[in-house]
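**Q** Sharing a structure below in structure tokens format, with a few things to ask.
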Amino acid sequence: MKIVYQLSGVPFGDGDQQAAGGLRVEGDLDQALTYAQRAKQLLPQLNEISDTLGWIYLKKNLTDNAIETFSDIVTKQPQHSTYRYHLGMAYVQKGDKLKASQELQKALKSNPPKDERDKIEQLLQKLG
């Protein structure tokens with residue numbers, strides 16, 4: 001657990017809140033990626049670390065890596081709304097509106113917290 005605590009204190013990338021892990025994304029994404037990859041090596045069973053890694057991939061426009069990472073954790077925890085939301089965001093970034101919409105709808109069915117629900121609904125509206 002120590003690496004998760006240390007990882008949570010690391011600045012991550014441009015001011016966005018990484019929802020599942022509660023990490024702030026500010027600063028050097030390359031350094032954040034290195035830390036997250038190392039954390040995943042040490043604690044591969046923690047989906048929160050994989051989610052953070054996927055989020056960094058998304059922020060670095062490594063969309064295929066993000067989709068692979070988010071898909072893996074969605075397979076492990078299909079009812080986790082945040083993971084489905086993040087997978088949907090990755091599909092949006094890739095330009096796959098159909099898969100994005102499907103994942104976002106599944107995220108809504110998983111009873112997300114209100115603030116996340118609002119973001120999912122806004123994204124679905126943008127997709128049309």
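**Q** Consider only pairs whose beta carbons are under 6 Å apart and that are at least six residues apart or on different chains; among these, list those whose first residue lies in region 96-113 and is closer than 14 Å to I67 by Cα and whose second residue is among the hydroxyl-bearing types (S, T, Y).
**A** Once the first residue is closer than 14 Å to I67 by Cα and sits in region 96-113, its partners that are among the hydroxyl-bearing types (S, T, Y) give K99/Y91; A100/Y91.
**Q** Something else about it: Of the residues L58, L124, which is buried (at least 16 other Cβ atoms within 10 Å of the Cβ), part of a helix (DSSP H, G or I) and free of Cβ contacts under 8 Å to residues at least 24 places away in the same chain?
**A** L124
**Q** Within region 77-92, is there a residue that is more than 18 Å from K119 (Cα to Cα), part of a helix (DSSP H, G or I) and not basic (K, R)?
**A** No: zero hits.
**Q** The conditions are (1) more than 22 Å from L123 (Cα to Cα); (2) surrounded by 13 or more Cβ atoms within 10 Å (Cβ to Cβ); (3) at pLDDT 90 or above, and T52 fails exactly one of them. Which is it?
**A** (1)
**Q** Any residue at all in region 29-45 that is assigned to a loop (DSSP other than H, G, I, E, B) and charged (D, E, K, R)?
**A** No: region 29-45 contains no residue that is assigned to a loop (DSSP other than H, G, I, E, B) and charged (D, E, K, R).
**Q** Taking E103 as meeting all but one of (1) surrounded by fewer than 18 Cβ atoms within 10 Å (Cβ to Cβ); (2) closer than 24 Å to G128 by Cα; (3) touching a Gly at 6+ places or on another chain (Cβ under 9 Å); (4) charged (D, E, K, R), write down the number of the exception.
**A** Here E103 clears every test but (1).
**Q** From N111, N47, grab the single residue that is crowded, with 16+ Cβ neighbours inside 10 Å and modelled with pLDDT of 90 or more.
**A** N47
**Q** Report yes if A90 is surrounded by 14 or more Cβ atoms within 10 Å (Cβ to Cβ), at pLDDT 95 or above, among the aliphatic types (A, V, I, L, M) and over 29 Å from D28 (Cα atoms), otherwise no.
**A** No.
**Q** Pairs, please: C-beta under 7 Å, at least 6 apart or cross-chain, first residue modelled with pLDDT of 95 or more and in region 62-86, second among the basic types (K, R) and assigned to a helix (DSSP H, G or I)?
**A** Matching pairs, first to second residue: T63/K94; I67/K94; V74/R84; R84/K106.
The values are calculated or read from the model by the stated rules, or taken from the named source; none is laboratory data. Remember, predicted model here, so these are calculated numbers, not experimental data. Every residue, glycine as well, gets a Cβ built from its backbone with ideal geometry; the counts of neighbours run over all protein chains shown.
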